[in-house]
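Encoded as structure tokens, the structure appears first; notes follow it.
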């Protein structure tokens, strides 16, 4: 009886274990079993469980180690300023005097036939520019009075006036802008760049995200996600109010040596598991423990804008302790100065539909402009005087543009002046990082409805950003599910017209 | 009949090589036969001269046929034609001299013939391949001359034709419509030629682009025979097309400035794209032009272990960039390691580094260095002087240091230094003239930027009160 019982118990234990063994583990064990040794060694030789990438940047010891790009890049880091909600190009950079003449008239049917808008229904009225425009600087770029400070540095900037997208909802359009796909699951551009170049400062994350305006972007955290890249490359979002990073102090009774010892022990155990399963996520976890340990020292210094001199606060218009875009911009400069590769800023609240005062193109939008104008201007000048503008690419833009027609949500007249989402033409700009100074590319028709020359897409912008960092966007790839993926998928052209 | 002449003309490029080869051979025989050993060859001389002469005559005929239907520069044709005729005449003359036993003249005949053949050949080559073909791209100086587009610092001040339109014509049209070739009897390389037009009449109707073949033919379907530039040649870009269109529609002026023509708003962005206001273009070479072998991987790994971010500047380069941002104290181990790879290091970032003399000496040994960032450091004037041998240095950032004007001026050996960042030092903007005496080509950034304070910065716009 006891024999039979023992047998039963062992059987049950075996069954239990087999439940726990993962499919991957089972197959791997099979292959390394004596019976299947030949087969196992064959398949094992293909490194079929391990992650193998053609660029060869993912190492299991230090996934964030600095790497050489394909060719010598002009830029070493990127600050991407995304105005979430899509700012109106017609009130900022795309001056259309013809549109003013049509103000209040019915939109011609030819502009509506076969088109789909997010909210416009029936026949909307045309809406003239709700801002005063002037030509600025030597380059004569048109910038509206909504951005008086930026107007003074127009000669540093290259405008892209005919950017197009095929997504008219915020989430998908933001994803397209940052991951090269309107659907979830692709790595963001910051993740690609960190995967390709690693970080210059091993004590800080390579890719930092800061948000302002009270909300995260509509597409959620996927716009700075790692997609199928190892998660060590995802953007690290810092808090926008109070301490940027929490829990930097060790708990009482735990000194730094003990913390180091415990992290080492945990990582040793993780290393054993990695050796067995080759799951890159284990390495990512190990790297993140290490990073967190280092950040306890480095972060309080870098992330603290209190100690910046008064003239800097004056310049940026910053108020330490308050959540603001200005504070984030100053932080971005500090991070880039310390060697962080990619800093992404999202500022929410640019969706100027005209449904209430905060999103009226002639009121709310003006107030939004006032929160970004000074800090962005200060950023360009501050980078310049530190000798960093040449190697820091600054990108500004939204996810799409806004219609030359006034929004008439559900066919009704809205209480304020506003514009609907528009995919066919909008303006973005780049500066520094080997981009031409005081230049402009692309053009829209007389009323700013469609792009008529120099059309570019999100893919083209991404290809250009990678190009400035020294990458051939067609060669920065990662193998996943049987094929090599890249940020620009099968698209993308470097916009050489704005490259110095 | 015309087509037969045309066909005969097309044999010219083939046929010309016969007289060249045969006559050069005749001259060779002539030379050799003065040697006792090759005396026998003399017997072949009259025959080679005769055949060479006759083939030269036929070459002249085919050449004349070609010049009738070709579109070549008349001046060049004239030279080539008469030189070729003299070759034919003189070679026949050579045959006659031998036959009438006046061999004494033959020596001179051969000499003159040799020169004439080379000259004729040269002009023939110039006709087909274009002026300067012989030396094009052979000498380095020539390379820089090619594609030297005019600099347009401010597009409003640019002369529309000279600065913007002519470079387009030069790039896209001169290949067939200039002194080199005159396809369709049209030249576009000067105002008078453009106004004169080609065999089909005027190409430019000022004020009306769509009536001007110069513009209209660009719009034709690429498969159309009249489409310009012809299929397979570099095409006119969208931006160039719009510039041409505006130039013609605004009256095709040859001397007016852009601002005098008051460009319409839809031309602004196109014009802006032409602008190139980077000032005199200082070519910043990121790395020295000399090749270098790979650095010792062990040394690199050693430096990585010490916390230095060290990486090749690109996958295809052995030059190295080193960033000491996480290493504010470079100890002796680090110094020793850098010494071992000093020739490979081209970019160094040492912001906030705590310098001592030995460390500065290590830097001074990195002779390939092109970029050095030592902002926010304690480097002194005396230490900076040690760096006066970094001949490749182009970029120097000494923002927020104690360096004085005299300290900077010590670097008078650094001829390539062209980017200087000196904000928050003892060097002031008023020193620029003196800095320029040592670094004439440098752009010097003094910082001290300020963003003006406006009342609107902090005001919040509200809904206007209705009355």
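The values are calculated or read from the model by the stated rules, or taken from the named source; none is laboratory data. The structure displayed is predicted, hence computed values, not measured ones. For neighbour counting, all protein chains shown are included, and Cβ atoms are generated from backbone atoms with ideal geometry for every residue, glycine included.
With (1) away from chain A (no Cβ under 14 Å); (2) within 23 Å of residue A:384 (Cβ to Cβ); (3) surrounded by 22 or more Cβ atoms within 10 Å (Cβ to Cβ) as the list, and residue B:387 as the residue in question, which single condition is left unmet?
(2)
Residues of the stretch B:418-467 being part of a loop (DSSP other than H, G, I, E, B) and more than 11 Å from chain A (Cβ to nearest Cβ), which ones?
From the stretch B:418-467, those part of a loop (DSSP other than H, G, I, E, B) are B:418, B:422-428, B:439-442, B:446-454, B:458-467; that's our starting set.
Those that are part of a loop (DSSP other than H, G, I, E, B) and more than 11 Å from chain A (Cβ to nearest Cβ): B:418, B:425, B:426, B:427, B:428, B:439, B:440, B:441, B:442, B:465, B:466, B:467.
Any residue in the stretch A:178-187 that is at positive phi and either crowded, with 23+ Cβ neighbours inside 10 Å or in a loop (DSSP other than H, G, I, E, B) (or both)? Spell out the reasoning first.
Here is the first cut: in the stretch A:178-187, the ones at positive phi are A:180, A:185.
The next check asks that each one be either crowded, with 23+ Cβ neighbours inside 10 Å or in a loop (DSSP other than H, G, I, E, B) (or both); those that pass are A:180, A:185.
Yes, because at least one residue in the stretch A:178-187 is at positive phi and either crowded, with 23+ Cβ neighbours inside 10 Å or in a loop (DSSP other than H, G, I, E, B) (or both).
Residue B:450 - would you say it is on the phi < 0 side of the Ramachandran plot and outside the structural domain of residue B:330 (by TED's automatic domain parsing)?
Details: on the phi < 0 side of the Ramachandran plot: yes; outside the structural domain of residue B:330 (by TED's automatic domain parsing): yes.
So residue B:450 fits the description; yes.
Name the single residue that is surrounded by the most Cβ atoms within 10 Å (Cβ to Cβ) among those in the stretch B:234-256 being touching a strand residue (DSSP E or B) at 6+ places or on another chain (Cβ under 8 Å) and part of a loop (DSSP other than H, G, I, E, B). Give the derivation first.
Applying the first criterion (touching a strand residue (DSSP E or B) at 6+ places or on another chain (Cβ under 8 Å)) to the stretch B:234-256 yields B:238-239, B:242, B:255-256.
Imposing the further condition that a residue be part of a loop (DSSP other than H, G, I, E, B) reduces the set to B:255-256.
On the way: B:255: 10, B:256: 15.
Applying the filter and picking the extreme gives B:256.
Any residue that is in a strand (DSSP E or B), touching a helix residue (DSSP H, G or I) at 6+ places or on another chain (Cβ under 6 Å), on the phi < 0 side of the Ramachandran plot and touching a residue at least 12 places away in the same chain (Cβ under 8 Å) - is there at least one of those in the stretch A:473-484?
Of all residues in the stretch A:473-484, those in a strand (DSSP E or B) come to A:477-480, A:483-484.
Still in the list and also touching a helix residue (DSSP H, G or I) at 6+ places or on another chain (Cβ under 6 Å): none.
No - not one qualifying residue is present in the stretch A:473-484.
Out of all the residues in the stretch A:325-360, which are surrounded by fewer than 21 Cβ atoms within 10 Å (Cβ to Cβ), within 18 Å of the chain's Cα centre (by Cα) and either assigned to a loop (DSSP other than H, G, I, E, B) or not assigned by TED's automatic domain parsing to the domain that holds residue A:465 (or both)?
none
Can you pull out the residues in the stretch A:361-376 that are more than 7 Å from chain B (Cβ to nearest Cβ) and outside any helix (DSSP H, G or I)? First the steps, then the outcome.
First, pick out the residues of the stretch A:361-376 that are more than 7 Å from chain B (Cβ to nearest Cβ): A:361-362, A:364-365, A:368-369, A:371-373, A:375-376.
Across the stretch A:361-376, the qualifying residues are A:361, A:362.
Restricting attention to the stretch A:162-171, does a residue exist that is surrounded by 22 or more Cβ atoms within 10 Å (Cβ to Cβ), at pLDDT 95 or above and within 14 Å of chain B (Cβ to nearest Cβ)?
Within the stretch A:162-171, one or more residues are surrounded by 22 or more Cβ atoms within 10 Å (Cβ to Cβ), at pLDDT 95 or above and within 14 Å of chain B (Cβ to nearest Cβ).
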